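First the structure, in the form of structure tokens, and then the observations on it.
Please treat every number below as a calculation from the coordinates, not as lab data. Predicted model, so just to flag it, every value in this text is computed and none were measured. Every residue, glycine as well, gets a Cβ built from its backbone with ideal geometry; the counts of neighbours run over all protein chains shown.
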Amino acid sequence: METQLDKGVLVPGGVINLAAALAANALPIFQVSNFAQQIGTKSFIPRKLRVRNNAGGDLWLHLGTGAGIGFLDSLPPVRVTNVMDTSWQDVELAGVEFFADMTAYPAALVAGGSVDVQVEVEEIG
Amino acid sequence: MSEEMLRAYKAARMMEPVAQVDYYVNVKTYKEEFYRKVTFREAIPPFQVLDIGAILAQNVSARTNAGNLDLQDNEFGQWRWFPLDNAMVRLFNPTGVSKFQLKFIQIGVEKSIIYRDPTLLTTEFFTWQDERPAFEGMNFSDYGLNACRILVFGYRFKTEELDKVTIDKLEAGQLPVTPVVCAGSP
């Protein structure tokens, strides 16, 4: 009998526009659920990642937790080509489990450019 | 009627309640034993009963009581469970009485139980009123765990006391009775 006991719920994040480079400007692309009235601790595993480069130049997109000096990469940075969109799914993403907000930032950006990021996660707990 | 209901549970390979309404039960805790009759049964959906918290690599957590499993007076619970995180968890029922205890080792339940025993039958345990169980998480890996969450589901049973005549009949074996051991060991 196949078990589904460890399956989580697929939840999409919003489309987050990253318009400033460097870790100091890292923004949350998915926030962990921590409502005071919920029962138990929630975590999530990113399952799909879609990125659109709005003339930001070829860049590395960092994915992790925290911001500024406290930013920690949770996945290897992904290469995003100028004015193109890219997506990563399931088997292409390591099953890293997040217990804090997932944040992201572009390592560099051409002036006036930005990156749109959306992640779909499996929420567990 | 009760056999029909049980057949549905068995066919779906789900969790079968240990007793139906109007069944007699012999509740045994670690310190006492008594006879009751079941008056009500309610299924409890899966919920996170306890998060032991972060556990360092190759470390054992403190033994932590699961107060969220407390029941009202005259109630007993039938539970199955598994750890949501990659830890080996030992159960104590209550905190000083180990569950799944063999002569030399106490068996801990890992997350892999959901593949090895999909119905979680082998994790089943019972509790009486607010004699809460305790869990102890072992992080056997080389990396720290952010959480050690325990998921539980099962049934809650309300019971009523019995008159002496009925108890005498139960003790004499004249009426059917279901033993319910609400402790690590009888």
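Dipole of segment B:96-183 computed with +1 at Lys/Arg Cβ and -1 at Asp/Glu Cβ about the Cα centre; of B:Cys148, B:Phe104, B:Thr127, farthest Cα towards the positive end is B:Cys148. Among B:Lys111, A:Lys42, B:Lys31, the ranking by other beta carbons within 10 Å of each residue's beta carbon, starting with the fewest, stands as B:Lys31, B:Lys111, A:Lys42. About its Cα centre, the dipole of chain A is roughly 240 debye, where the only charges are +1 on Lys and Arg Cβ and -1 on Asp and Glu Cβ. Given +1 at the Cβ of Lys and Arg, -1 at the Cβ of Asp and Glu and no other charges, the dipole of the protein assembly as shown around its Cα centre is 280 debye to the nearest 20. Temperature 20 °C, viscosity 1.002 mPa s: under these conditions the Stokes-Einstein estimate for segment B:65-147, based on its Kirkwood radius over C-alpha pairs, is 157 µm² per second. Using the Cα coordinates of the protein assembly as shown, the gyration tensor eigenvalues translate into equivalent-ellipsoid semi-axes of 51, 19, 15 Å, sorted from longest to shortest. When the charge dipole of the protein assembly as shown is built from unit charges on Cβ atoms (+1 for Lys and Arg, -1 for Asp and Glu) and taken about the Cα centre, the candidate among A:Ala94, B:Gln174, A:Met84 whose Cα reaches farthest toward its positive end is B:Gln174.
Each principal axis of segment B:1-142 carries a Cα extent, and these read 52, 35, 30 Å when sorted largest first. Across all directions, the average projected area of the convex hull around the alpha carbons of chain A is 8.3 nm². Using the Cβ of A:Pro46 as centre and a radius below 15 Å, the other residues enclosed give a net charge of -4, where K and R count +1 and D and E count -1. Out of B:Asn68, B:Val89, B:Gln48, whose Cα points farthest toward the positive end of the dipole of chain B (charges: +1 Lys, Arg; -1 Asp, Glu; placed on Cβ)? Comparing the listed Cα positions along the dipole, B:Val89 ranks first.
Counting other Cβ atoms within 10 Å as a rough exposure proxy, the listed residues B:Tyr155, A:Tyr105 run B:Tyr155, A:Tyr105 from fewest neighbours to most.
Ranked by Cβ crowding within 10 angstrom, fewest neighbours first, how are A:Arg50, B:Arg80, B:Arg36 ordered?
Going from least to most buried by this count: A:Arg50, B:Arg80, B:Arg36.
Among the residues of B:167-178, the average count of other protein chain beta-carbon atoms within 10 Å of the residue beta-carbon is 0. Within straight-line reach of B:Lys99, meaning a Cα separation under 22 Å, sit the following lysines at least 8 residues removed in sequence or on another chain: B:Lys28, B:Lys31, B:Lys111. When only the Cβ of Lys, Arg, Asp and Glu is charged (+1, +1, -1, -1), the dipole of segment B:23-177 relative to its Cα centre reaches about 300 debye.
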